[in-house]
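Notes for the one structure printed next.
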Amino acid sequence: MALSGNLRTMLPGDLLQWLSLGQKTGTLVISNKRVEKKIFFRNGRVISSASNDPREYLGQFLMSHGYLSEPELKKAMEVQQQSGILLGKILVMIDVINEPDLVRFMRLKAEEEIYDIFLWNDGDFYFVDDELPQMEMIPLQVDVTGIIMEGTRRVDEWARIRETIPNEAVIPQLLKEVDYTELEEVEEPIVRAIDGKRTIAELVLESRSSAFTVSSTVSALVRHSFAKLVDPSTQKLKKVTEEQAAAVLSPAEFNEDDEILSLLSGAQNALRGRDYEKTQRLLRPAHDP
């Protein structure tokens, strides 16, 4: 183990740059709570990656880009269990995707897994020299410098997104029709999943996309007046306030019998205390029609 630490003391960009400039070969393992990611290096270049986050599995990633349906994924996974062949190769064999597109998406998937690390506030890491997976991998050549530049850009963009979308509990609602032909392939499933009821967090699950991608897409819709955001907690508080106001403005129905009984009870107490003037004052309205 040549290097270990925490992302609070060594930022992802600095870590990747160190491995790249050192032309390292081996496996970088980064974990944050229950999520663990592995980035595989050969001579300082990223050749592949892996993640235990189900949202970042190849099948889910292809579904998020509209290249794979749930029945097709289920069928491919059944074949994989029986044959042990890599899922990507199975998808090529059953003509779900061609090989050039598969390689392109594998590279995109690896990059997205790494970009996500730039948004982590905390995370432990260690690098194991000269250790690579024994299993067969589709070879990728990912430019580390490009990853660092894009990852840094996303950190800045995430801060701007948070100005529009403060948390993942808000609900986007479309205000006008969206031209789907103008959307990126990863954006279309997100926009189609907006129904005015799903929160940002639920859109992440529904579209199989990352929180960054969903939030970035929704933020752009809001900025261009295609959508608005509704905060359920604010709406609930507003409803409670309105109900309280209605209760003050519209008191319970007046009950004349109860008031008469109250007056008679007060008169009896006054009589016991020999306060005859108060007794007469209370009995007068109780007696009047």
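Some notes on this structure:
- Debye log10 I(q)/I(0) at q = 0.13 Å⁻¹ for the range 78-162, Cα point scatterers: -0.63
- Share of carbon and sulfur in the accessible area of the range 37-177 stands at 50%, probe radius 1.4 Å.
- The range 55-111 - convex hull of the alpha-carbon atoms, volume per residue in Å³: 74
- Ordered from longest to shortest, the equivalent ellipsoid semi-axes for the range 1-145 are 29, 16, 13 Å, each the square root of 5 times a Cα gyration tensor eigenvalue.
- Cα-based convex hull, the range 135-181, per residue volume (Å³, whole number): 210
- Solvent accessible area, Å² - TRP158, 1.4 Å probe, full protein context: 50
The values are calculated or read from the model by the stated rules, or taken from the named source; none is laboratory data. The model shown is predicted, which means the values in this text are computed figures rather than measured ones. All accessible areas refer to the heavy atoms of the entire protein, side chains included, with ligands and DNA or RNA removed. Shrake-Rupley method; radii C 1.70, N 1.55, O 1.52, S 1.80 Å.
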